[in-house]
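Asks: One structure, as structure tokens, below. Some questions next.
The values are calculated or read from the model by the stated rules, or taken from the named source; none is laboratory data. Quantities reported herein were computed from a predicted structural model and do not represent experimental measurements. No Cβ is skipped: glycine too gets one built from the backbone with ideal geometry, and neighbour counts run over all protein chains shown.
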Amino acid sequence: MPSILRRPWIWAWLAATATFAVTVALGSGRGAAGLAYAALSFGAFAAIVGVGQMLVISLGPGNVDLSIPATMTLSATLALKAMDGVPGTELLGLGVALLVGLGTGAANFALILLLRLPPIIATLAASLIYQSLAIWSNRGLRVKPPEALAEFATGRTLDIPNVALVGLLLSLAVWVALERGVWGRWLLAAGQNPRAARLAGVPVERVRATAYLTVSVFAAVAGFLLASFSGGAALNMGAEYLLMSIAVVIIGGTSIAGGFSNVPGIWGAAFFMFLVVSMLNTYGAGAGARSVLTGVIIIGIVIAASTKRNHA
Amino acid sequence: MTHDKLLLSAILIGSCGLAVGGVAQAQDGASTADKRVALSNNYAGNSWRQVMLQSFDETAKQAKARGIVAEADSYTTSENQATEQAAQIQNLILQGYDAIIIDAASPTALNGAVQEACDAGVTVVSFDGIVTAPCAWRIAVDFEEMGRQQVDYLASRLPDGGNLLEIRGLAGTSVDEQIHAGIEKRVEAHDDFRIAGSVHGDWAQEVAQKGVSGLLPSLPDIAGVVTQGGDGYGAAQAFEAAGRDMPIIVLGNRQDELQWWQEQYADHGYQTLSMSIAPGVASLAFWVTQQILAGKDVPKDLTVPFLKVTQETLDSVLEETPKGSVANTIYTQQDAQSVIADATTR
């Protein structure tokens, strides 16, 4: 088998390319450029939260952040309320979003470390608090982002959506940290065997803390961008990113058992998740058929990617 | 002396008030002053539900202050789960409420708990998310009619017909099915219309924006967009981002949608129609419940009118709607009486 097929990320990209081709063909060749642009825009949000989730999942079995949707909603709600649509407050908004991310990340990790709660329980319980805070802080009123920020979020540079550029930048930073940095080695070592890593002198708890902070900050940034992109924060805006963040990690070839991460695969998977819905919508599939087919396709890719990896 | 006179007049005025109150009560049936009412709500996570809860609290507080009911509290479950809401209803029965008003997580899954409430002599009134248990009252919206009216409006604006894009709601819900059925029926009747594409927007701007953006590149020119509420602005943004001609998008009464419409109208005379169920339907449910508790003969199935915004009413509705909220109407006791009268004569 050619070595390229052994790369775990290749299956997500093959699937994304195939769905793209089928969608364009179904639309009788129209709008390939428009579809690619839309995939880049919407894929970026899934990729940002996916890269964050990947870091946590790489920490090994049981590690996952289920508070991503609530963090997105809380960060977007508080940031947009702080800006209140006033021009010149964009940095203030970003600052609020980042603080929310740091705050929820720290709270999550405190629950996990101090109370020794399993991450699934800790982040799920914490997310109820974050969501309630978001409801309580603004009662679901939709505040518009400042115009310049909305223009940035929906705009493009060199024909690439700005949100995708932000996503690529964040992904690149994580990729470098994982592939070239000591921290990345520590993270993967902790994910492969925390006991061995600890005995080898890896500051496992510090590495875990950084991972949980990073995923929350990434979710906060994604929420902030999404609200700016779509004209305001809504209380249910994060809902679809819970399963999405986990799906793109798995489809992208990151091992659910931890200790092995893969940034390029996240992007392939994020495009795929957007394109498969577009493809089935273009085909005119009903909601039921669409859900079933999406599930079947995802299972197919995960099986393909994991068998190849095991035999490699 | 003056003191006594003051006291006397105070007593006189007071008893006049009592007398007037007595007359009003005679008109409205038995007194409900000692009755306790609870709202069981399954979900609070969007702006419509938030305004709905506010409307209920506002109405309940006023009714309490006027001595019409003894207590009116609202309870919301955290997880939008039928099992959780059923347990909540059982708790409310044990707490001895005289009536439970329900916005239900499921039309059928709560029927057991609802039956228990009825057996315990509790009046159960469901609205928006209704329950099918025969002992409960239902305040429902004619969602099919909502679908039909959208297509009929587009037909009046687009006599030559054209391609339509349909944005559907949350898959698998009865509301989505009903609005869709109404749309489908009228599209069949108007030969010149064709549904060129359909996406599920889940009644959320972000989801609709994403779905439409993914489908739009493969679609021909779109003349009109039929929606379910909460998704129109997202669709408009998707059309704008793709650089496509703006179709007539039927909106769903959200403030940001209405403001966008007003801007588009000022800019190039863009016209459309907006309609949705007003979150104030909770206040209607409250008054209907009060009427039932007062011993009025109320049919089990009632219909709420939907709140429509037209070009003529746009400016005034927008002015009354708080920024980022949903256009609303608070219903009064008289409104409830006329809705009941309509249902009785039908």
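Asks: Looking at (1) within 27 Å of B:Gln311 (Cα to Cα); (2) surrounded by fewer than 17 Cβ atoms within 10 Å (Cβ to Cβ); (3) not polar (S, T, N, Q), which is the one condition that is false for B:Phe143?
Replies: Among (1) within 27 Å of B:Gln311 (Cα to Cα); (2) surrounded by fewer than 17 Cβ atoms within 10 Å (Cβ to Cβ); (3) not polar (S, T, N, Q), B:Phe143 violates only (2).
Asks: Given (1) on the phi < 0 side of the Ramachandran plot; (2) among the hydrophobic types (A, V, I, L, M, F, W, C); (3) out of contact with any Phe, Trp or Tyr (no Cβ under 8 Å at 6 or more places or on another chain), identify the lone condition not met by A:Leu158.
Replies: It fails just one condition, (1).
Asks: Suppose the filter is part of a helix (DSSP H, G or I), more than 11 Å from chain A (Cβ to nearest Cβ) and hydrophobic (A, V, I, L, M, F, W, C); does B:Ala208 pass it?
Replies: In short, no.
Asks: Does B:Val288 meet the test of being of a type in the set (Val, Ile, Thr) and buried (at least 24 other Cβ atoms within 10 Å of the Cβ)?
Replies: Considered against the rule, which asks whether it is of a type in the set (Val, Ile, Thr) and buried (at least 24 other Cβ atoms within 10 Å of the Cβ), B:Val288 comes out as yes.
Asks: Is it the case that the range B:254-267 has a residue that's modelled with pLDDT of 90 or more, among the hydroxyl-bearing types (Ser, Thr, Tyr) and under 21 Å from A:Met279 (Cα atoms)?
Replies: Checking the range B:254-267: not a single residue is modelled with pLDDT of 90 or more, among the hydroxyl-bearing types (Ser, Thr, Tyr) and under 21 Å from A:Met279 (Cα atoms).
Asks: Out of the range A:189-203, which residues are in a helix (DSSP H, G or I), among the aliphatic types (A, V, I, L, M) and surrounded by fewer than 18 Cβ atoms within 10 Å (Cβ to Cβ)?
Replies: Across the range A:189-203, the qualifying residues are A:Ala196, A:Leu199.
Asks: Would you check which residues across the range B:81-103 are touching a Phe, Trp or Tyr at 6+ places or on another chain (Cβ under 9 Å) and surrounded by 15 or more Cβ atoms within 10 Å (Cβ to Cβ) and list them?
Replies: B:Gln88, B:Leu92, B:Ile101, B:Ile102, B:Asp103
Asks: Taking helices (runs of 4 or more DSSP H) that do not extend beyond the range A:84-163, which have at least 3 residues that are farther than 30 Å from B:Arg254 by Cα?
Replies: Because the criterion is at least 3 residues that are farther than 30 Å from B:Arg254 by Cα, the helices (runs of 4 or more DSSP H) in the range A:84-163 that meet it are A:90-114, A:119-138.
Asks: A further question follows. When you go through A:Gly52, A:Gly93, A:Gly88 one by one, which is the residue that is surrounded by fewer than 21 Cβ atoms within 10 Å (Cβ to Cβ) and modelled with pLDDT under 95?
Replies: Details: A:Gly52 fails: surrounded by fewer than 21 Cβ atoms within 10 Å (Cβ to Cβ); A:Gly93 fails: surrounded by fewer than 21 Cβ atoms within 10 Å (Cβ to Cβ).
Selected residue: A:Gly88, the only one of A:Gly52, A:Gly93, A:Gly88 that is surrounded by fewer than 21 Cβ atoms within 10 Å (Cβ to Cβ) and modelled with pLDDT under 95.
Asks: On to the next question. Which residues, counting only those in the range A:148-165, are surrounded by fewer than 18 Cβ atoms within 10 Å (Cβ to Cβ) and within 12 Å of chain B (Cβ to nearest Cβ)?
Replies: Scanning the range A:148-165 gives A:Glu151, A:Gly155, A:Arg156.
Asks: State all residues of the range A:226-248 that are of a type in the set (A, V, I, L, M) and modelled with pLDDT of 90 or more; if no residue qualifies, say none.
Replies: Once the filter is applied, which keeps residues that are of a type in the set (A, V, I, L, M) and modelled with pLDDT of 90 or more, the range A:226-248 yields A:Leu226, A:Ala227, A:Val248.
Asks: Same structure, new question: Applying the selection to the range B:250-277, what residues are away from chain A (no Cβ under 14 Å) and either in a loop (DSSP other than H, G, I, E, B) or touching a Gly at 6+ places or on another chain (Cβ under 8 Å) (or both)?
Replies: B:Val250, B:Gly269, B:Tyr270, B:Gln271, B:Thr272, B:Leu273, B:Ser274, B:Met275, B:Ser276, B:Ile277
Asks: A follow-up question, please. Could we say that A:Ser230 is surrounded by 19 or more Cβ atoms within 10 Å (Cβ to Cβ) and more than 14 Å from chain B (Cβ to nearest Cβ) here? Full working, then the answer.
Replies: Values: surrounded by 19 or more Cβ atoms within 10 Å (Cβ to Cβ): yes; more than 14 Å from chain B (Cβ to nearest Cβ): no.
No, not satisfied.
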